[in-house]
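Presented below is the structure to which this report refers.
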Amino acid sequence: MDKRYEPGRRTVLGAAALGAGAAVLAGAGQANAAGTGPADRSTPAGPLAKLPVPFVIGHRGASGYRPEHTFGSYQLALDMGADVIEAGDLVPTKDGHLVCRHEPDISATTDVADHHEFAGRKTTKTVDGTKITGWFTEDFTLAELKTLRAKERIPGIRQHNTLYNGRWEVPTFEEVLQWAEREGRRRGRPIWIYPETKHPTYFRKLGLGVEEPLARLLRRYGRHTEHAPNILQSFEPSSLRRLGELGVRCPKTVLLDEPSVRPADFVESGDPRTTADLLKPEGLRWIAGFAQGIGPWLPQIIAQDDQGKLGRPTTLVRDAHAAGLFLTPYTVRNENSFLPLDFRVGNNPGDYGNSLAYFKALFATGIDGLFSDDPDTALLAAEEFRRR
Ligand code: G3P
Ligand code: CA
């Protein structure tokens with residue numbers, strides 16, 4: 001088995017998830033003086049104070065058990081007890097509707113390739129510097145997209161999820177808001193969601209800005225205020241700033257890519273900074289000027305050595321808390337494929353490793369929340385961690 005626990009963040013999670021990779025470098029401050037002991041804890045203040053610490057975010061729903069970004073996945077995450085649901089990663093259609101897909105290319109997560117009427121839409125595009133061949137949401141109207149059905153992205157690892165291929169449509173964000181309202185009424189409590197704007201600069205250049213329709217929808221459903229049960233996230237800081245300018249006051253999180261990566265909006269505007277710059281105290285203070293949290297890549301919380309084994313916590317939790325930011329790193333998954341080398345059990349990439357121990361090691365650093373494809377496992381670990 002390859003030593004690396006997870007493909008690079010930008011690597012599509014494919015059947016070859018155990019493909020060759022280099023050592024994972026943290027990019028944040030290196031091991032802190034306190035070693036692996038608990039860092040300072042900070043309960044997120046303000047609107048997030050109602051969430052438990054650490055809180056569990058169902059990543060793309062409960063995508064370890066159902067095809068991602070479907071109502072099957074969102075509902076299961078909620079029923080499992082996830083504190084927050086990542087519903088969804090947002091991309092626009094040709095006619096400007098926001099739909100829940102992880103990327104504009106829908107080849108891996110829908111049955112579009114089986115729809116002969118759309119064969120001519122297959123094309124090659126460059127998205128944020130990466131050449132991709134497939135079918136893209138921006139070339140489909142919502143009515144056309146609704147004729148497709150979702151399927152499992154990584155059937156080689158999650159064969160069990162293929163049982164549900166073809167069962168659910170691509171959700172719109174408005175349907176998510178209606179579902180959250182319905183479930184909130186039924187349960188007598190707010191349903192927290194954590195939507196992400198995907199490739200906002202790319203889409204804006206196509207005339208399909210995502211922030212305006214997102215702000216409009218949040219306002220329509222009363223979710224634009226400071227205390228609304230949403231957290232908004234983006235790898236592009238300017239997207240969050242724009243949402244703030246549009247009057248969206250709920251908490252916002254800057255996602256942090258691999259250290260060498262320049263956010264796509266920085267590339268567009270000529271800002272020379274990379275993620276490594278944003279991970280420094282000065283970068284974190286800059287983020288705190290318009291956002292309340294960061295979403296780091298897991299190795300930026302606990303580094304890994306060149307064998308892929310877990311190393312020591314970095315200083316990022318302490319530095320971010322000092323800047324007044326909460327941290328919700330991404331993404332823990334139960335399968336060996338995605339775990340640090342020393343948390344794997346056996347050699348089968350799709351078998352479960354000792355993710356419970358990895359969750360607890362991450363919680364011990366003082367993080368505020370965590371994205372997981374397996375919210376039930378994360379919740380069990382969080383409960384045991386709180387009882388320690
Ligand atoms: O949004 C948290 C995590 O989902 C970020 O990575 O690429 O899975 O959206 P990605
Ligand atoms: Ca996401």
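For segment 222-257, what are the residues that are more than 15 Å from A288 (Cα to Cα) and surrounded by fewer than 17 Cβ atoms within 10 Å (Cβ to Cβ)?
Hits for segment 222-257 are G222, T225, E226, H227, E245, L246, G247.
Which one of these does I154 not meet: (1) crowded, with 16+ Cβ neighbours inside 10 Å; (2) touching a Leu at 6+ places or on another chain (Cβ under 9 Å); (3) farther than 15 Å from E103 by Cβ; (4) not polar (S, T, N, Q)?
Every listed condition holds for I154 apart from (3).
Hey, among Q300, Q304, which residue is within 16 Å of ligand 1 (Cβ to nearest atom) and among the polar types (S, T, N, Q)?
Being within 16 Å of ligand 1 (Cβ to nearest atom) and among the polar types (S, T, N, Q) holds for just one of Q300, Q304, which is Q300.
Looking at segment 30-41, can you tell me whether even one residue there is part of a loop (DSSP other than H, G, I, E, B) and either buried (at least 24 other Cβ atoms within 10 Å of the Cβ) or at pLDDT 50 or above (or both)?
No - not one qualifying residue is present in segment 30-41.
Quick check on segment 162-210: of everything there that is aromatic (F, W, Y) and more than 17 Å from D79 (Cβ to Cβ), which residue is surrounded by the most Cβ atoms within 10 Å (Cβ to Cβ)?
Y194
Taking into account only those residues within segment 47-100 that are touching a His at 6+ places or on another chain (Cβ under 8 Å) and modelled with pLDDT under 95, which is farthest from ligand 1 (Cβ to nearest atom)?
Among residues in segment 47-100 that are touching a His at 6+ places or on another chain (Cβ under 8 Å) and modelled with pLDDT under 95, the one farthest from ligand 1 (Cβ to nearest atom) is P47.
Test A288 against the stated conditions and say whether it is touching a residue at least 24 places away in the same chain (Cβ under 8 Å) and more than 19 Å from the chain's Cα centre (by Cα).
Here the answer is yes, as A288 does meet what is asked.
The values are calculated or read from the model by the stated rules, or taken from the named source; none is laboratory data. Everything quoted here is computed from the prediction, not taken from an experiment. Neighbour counts are summed over all protein chains in view; Cβ atoms, including those assigned to glycine, are modelled from backbone coordinates with ideal geometry.
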